[in-house]
Amino acid sequence: MTRPRRPALAALLVLLAALLLSAHPAQATSELFVLARSATLSPDLLHRFERETGIAVRLTEVGDHAEMIRRLDGNASGFDIAFPPDHQIAGLIERGGLERIWADRLPGFWNIEDPWRSRSFDPRNEYTIPHQWGTISFAVDTSVHKGDIDSLSLLFSPPPDLDRRIGLLDDSAMLRLALIQAGEPRCTTDPARLDRAVALLVPLLARSRLIPVDQVATALRTETLALVVTTSGDAMRARIARPSLAFAYPREGNLVWTDVVAVPRHPPNRANALKFVAFMLRPENAALGTNHNGFATMIRGAEAHLNPEVLSAPELVAPWPAKVGFLVSCSPDIHRRHDELWSRIRQPE
């Protein structure tokens, strides 16, 4: 028998290898599909994950949490990672929208600060890890208004220098701020209590500008607006460009929000998703997120990696004796009712 010549054999092996690669194109790239709100995730964070793991991150951004929840509802969203708000987690679990990840078995789980583990919506740490928290209040241009800013009355009964120069967050958080100003429980659904909040909002809406959640950062840089309802992170980033802005800590109280890292049901790349969750539990990675967006992290040790200007930012470090209440989030049903009421009053017939 005549043996094949070595060059012919080598060519045959190359051809076989090419055929095998073309038969399995899906194995060529390892991916992670991520769903987040606009401009909230640090590009440096995602690039670090890609460098460390070789996994390509495919990021999809949405304008607000409502759009995020719409995309997550159902059994197969097509995403591996999402960052939903805490008050939506119980509903997502009930509707089968989240994958169990057993977070307490992941490396780095005990880096989570004590109050943020085993929360009411995920008591066994089956579905989520905490991501970030922030406050909702308002930022004031102190070159326009020289007086005290730490009261909700500045928003709901504005002085002449601020009146008609106010930007309102187009979100039912406005209703909860009005409830606080009215001295009512912020999670109430009692019609009489809600009516008192609506009575504060209706005249304010008539002479203010409504700003979509994903456009607040731009509005804060608009000098025609002297008071803008905003989150602490957006206020911090805006102050860098507009130093006359100051973030208020109303004596009556403000709103605190948190979001989480979760794996949607039936992720296309479950193993990669778990790698990312563990990656987010490392202090140096949590700090990258805070340095980027100005929202506080719940990961112990992250402060050692924060930029000095972030570590001392007044939007993150509330001045004593500011009233920042870490209360249980309103339930999904209460949020739904508040959303419905807000939709009616923001666009009166």
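For mean projected area of the Cα convex hull in nm², computed directly from the structure shown, the correct entry in (i) 19.3; (ii) 23.4; (iii) 17.9 is (ii). Once the chain from Glu223 to Asp114 is taken as fully extended at 0.36 nm per residue, the excess over their C-alpha distance is 35.1 nm.
For segment 126-224, a/c is not less than 1.5, where a ≥ b ≥ c are the root eigenvalues of the C-alpha gyration tensor, and a/b does not top b/c. That puts it in the oblate class. The packing ranking, built from the mean of other Cβ atoms within 10 Å per residue, places the peptides 102-113, 35-46 in the order 35-46, 102-113, highest first.
Amide H to amide H distances under 5 Å link Ala296 with Trp133, where only residues 5 or more positions off or on other chains count and H is placed in the peptide plane.
Once the Cα atoms are used to define both axes, helix 191-206 deviates from the longest principal axis of the chain by about 90 degrees.
Here the peptides 252-260, 169-177 are ranked by packing, the mean other Cβ count within 10 Å, and the order with the highest first is 169-177, 252-260.
With angles folded into 0 to 90 degrees, how steeply does helix 6-23 sit against the dominant principal axis of the chain? Use alpha carbons for both and round to 10. Long axis of 6-23 versus the principal axis of the chain: about 30 degrees. Model label sites at Ala56 and Arg193, defined 7 Å from Cα along the beta-carbon direction, differ in position by 5.2 nm. Does anyone have the angle between helix 43-53 and the longest principal axis of the chain? Alpha-carbon axes, 0 to 90°, nearest 10? With rounding to tens, the tilt is 30 degrees. With the gyration tensor restricted to C-alpha atoms of segment 36-179, the semi-axes of the equivalent ellipsoid amount to 36, 19, 17 Å, longest first.
Since every read-out is calculated from the coordinates, none of them should be taken as a lab result. Please read all numbers here as calculations on a predicted model, not as lab measurements. Please note: Cβ atoms are built from the backbone with ideal geometry, for glycine as well, and neighbour counts cover all protein chains shown.
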